[in-house]
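Data block below; observations after.
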Amino acid sequence: MEKKTGNIKRSTGLILIAVILGVLVLISGIKWFFLWQENTALKREISHLDQLIDVENTQKKNRKDEFLRQQEEYLIYADAEEELIKTKEKYFAMASELEKKIRNGETDVKIAYLTFDDGPYLLSESFLDVLEEYDIPATFFSLMKCSETGYVEQDESYDRIYRRIIENGHTLGNHTASHKLGEEGIYQSLEVFMNDLLRNRRFIYDRYGYTTTVMRFPGGTGTAYRIPEVKQEVFKAGYAYVDWNAMTGDGKYSLPPEEYAANVLNSTQGKDILVVLMHDYSRNTLIALPDIIEGLQKQGYIFLPLFHDSIMCISD
C-alpha cells in the first residue's frame, strides 16, 4: 500500500514538473515570438533608414552634380556674354563712325532705325518673325509688363518675347514702367517720372540681366519738357533719349496697311538717317512692315538697332 502511494506521489510530481516545464516552454515561446516580431520590425526600420540614407546620398550627389553643371554653364555663358559685350561695343563703334560719314557726306549709305513703342504685346512675336525673316535689327521701347502690371497668366509669353528681343540682337529701350500721362501721371513731378523710369530699368535688369541705355519719353520730348530738369536727370541715370523723324501714324490713326507704309516711305526725302516710330500692337502695321522694309531697302537704307552714342540719340 505504501509502495503504491509512493508511486502516485512520484507520478504526480513528474506531472507537475512536466506542467511547469510546459508552462516555461510556452512562456519562452511567447517571449521568443515577441522578440522575433520586434527584431523583424527593427530590421525593417533599419532597412527603411538605409533606403532613406541612400536616397539622401543620391539627392546630395545629384545636387552637387547639378551645381557643378550650372557652374560650368555659368562660366561658359559668362565668357560668351563678355565676348558679346565686346562684339556689341565694336559694332556700335562702327555704326557711330558710319553715322558720322553719312553726316559729313562721305558715303551714300543711309540708315533706318525701326522703333516700336509701348510693348511688348503678344502680337510682338509676329513682328519679331518678320524682322527675323528679313534679318533686320530694330529697337523696342518697352513698358513694364508681366506680373507687375497684372498680366500674370501671360508671364511666360511676355518673358519669351523680352528674351527673344534681347537674344536676336535688337535694342531693348526703356519707355518708363507705366506710360501714364495726364495730371496724375508720370510728368506730375521729376521725382515721379524718374521713379517710374528707373522702376522699369530695374525690372528689365533683374528679370533678364539686360541694362537699358536708350529711352524714349512717352509722348516724346515735347511732352517731357513739362519738367525742365528731366533731361539732365535722364543723362545722370546713364540714358540717351531719342524721338523720331518718320512714323506710320498708328499711334493716332487707324489706317489701312498701305497707308501706314506710304506714310513712312513718302517721308524720307532729305533724311539720310531715319528713325521710324511704330507700335507693335497694330495689326495693320504688322501687315505693312514687309512693304516698309522693302521700300526703304529700295531707297538705299540699311537697318541698325539704336545705341546710346547714336547721332540720333541725345546724351548730353
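Each value in this text was obtained by applying a stated rule to the coordinates, not by laboratory testing. This structure is a prediction, so every number in the text was calculated from the model and none was measured. Here the Cβ is made from the backbone with ideal geometry for all residues, glycine too, and neighbour counts use every protein chain on show.
Values for this structure:
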{"item": "Cβ-Cβ FRET estimate between D159 and I27, R0 fixed at 45 Å, reported to 0.05", "result": "0.05"}
{"item": "Label point distance in nm, K298-T40, each placed 7 Å from Cα along Cα→Cβ", "result": "9.1"}
{"item": "Ascending count of other beta-carbon atoms within 10 Å, so fewest first, for D196, D129, D65, D316", "result": "D316, D65, D129, D196"}
{"item": "Whole-Hz ³J(HN,Hα) from phi, Karplus 6.51 cos²θ - 1.76 cosθ + 1.60, for the stretch 223-240, glycine and proline x", "result": "7, 5, 6, 4, 10, x, 8, 5, 4, 4, 5, 5, 4, 4, 7, x, 9, 10"}
{"item": "Zone of V109's modelled label, taken as backbone nitrogen in the stretch 260-300 under 17 Å from a point 7 Å along Cα→Cβ", "result": "272-275, 297-300"}
{"item": "Gain upon complete extension [N168, Y210; 0.36 nm per residue less C-alpha separation]", "result": "13.8 nm"}
{"item": "Cα-projected label distance for D291 with T223, points at 7 Å along beta-carbon direction, nm", "result": "2.7"}
{"item": "Surface/4 of the Cα convex hull for the stretch 109-303, nm²", "result": "11.0"}
{"item": "Computed label-point distance, nm, for sites D316 and N57 using a 7 Å Cα→Cβ extension", "result": "6.6"}
{"item": "Amide H contacts under 5 Å for I302, placed H, 5+ residues apart", "result": "K110, I111, A112"}
{"item": "Under-5 Å amide H pairs with V275, H placed in peptide plane, nonlocal only", "result": "Y113, N245, A246"}
{"item": "The stretch 109-303: relative contact order as a whole-number percent, Cα under 8 Å and 6+ apart", "result": "29"}
{"item": "Amide H within-cut-off set for G219, under 5 Å, with H built and near neighbours excluded", "result": "none"}
